[in-house]
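One structure is given below, encoded as structure tokens.
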Amino acid sequence: MKNLLIAVTLSIFFLSQMGCKKTTEEAINCSLESLLMTMHANVDPQNLKLFHFTFEYEGSGEFTLDNEIKWDFGDGTTETSQGKTIDHTYANTGAYTAKATYKLYKGSDWCSSYITKSIHVN
């Protein structure tokens, strides 16, 4: 009976480790894919408080980027775009950190992460 209990415990341990390994591999792949993300913020030449944000993904083709990007402009304003571009007008001058949160899909699995960009409004 004692040997059976040890065998069952070891089996559960090894099976759980195999599942963690797969999860870890997926997380690493997603993290590496995140290195292929960039965010641009171009100031409008006619309105220095208006920024044109663009999110770019130069992926390997193994992952699919969700078309919905969640934006936090660092001034208390958040918005969700149905594409990779969005405009935002800042009310005040100053330094802000804009953040774009995205989802990547690989089959039915997905991961979420974000990138940031420092913004200086004159």
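Rank the residues Trp71, Trp110 as a footprinting-exposure proxy: fewest other Cβ atoms within 10 Å of their Cβ go first. Walk me through the intermediate numbers first.
Working: Trp71 20, Trp110 14.
So the residues, fewest neighbours to most, are Trp110, Trp71.
At 0.36 nm per residue, minus the direct Cα-Cα distance, what do Glu58 and Ile115 gain on full extension? Give it in nm, one decimal, please.
Stretched out fully, the Glu58 to Ile115 stretch lengthens by 19.1 nm.
Can you bin the range 38-122 into rounded, prolate or oblate? Criterion: square roots of the alpha carbon gyration tensor eigenvalues sorted a ≥ b ≥ c, rounded for a/c under 1.5, prolate for a/b above b/c, oblate for the rest.
Here the range 38-122 falls in the prolate category.
So for Leu50, Leu32, Leu104, Leu65, fewest C-beta neighbours within 10 Å to most, what's the order? The partial results should precede the final answer.
Numbers: Leu50 15, Leu32 10, Leu104 22, Leu65 18.
The order, fewest Cβ neighbours first, is Leu32, Leu50, Leu65, Leu104.
Can you sort Tyr57, Tyr96, Tyr105 by how many other beta carbons sit within 10 Å, fewest first?
With the sparsest Cβ surroundings first, the list reads Tyr105, Tyr57, Tyr96.
Each reported figure results from applying straightforward, stated rules to the coordinates on display, with no laboratory input. Since this is a predicted model, take the numbers as computed values, not measurements. Cβ coordinates were reconstructed from backbone atoms using ideal geometry, including for glycine residues, and neighbour counts include every protein chain displayed.
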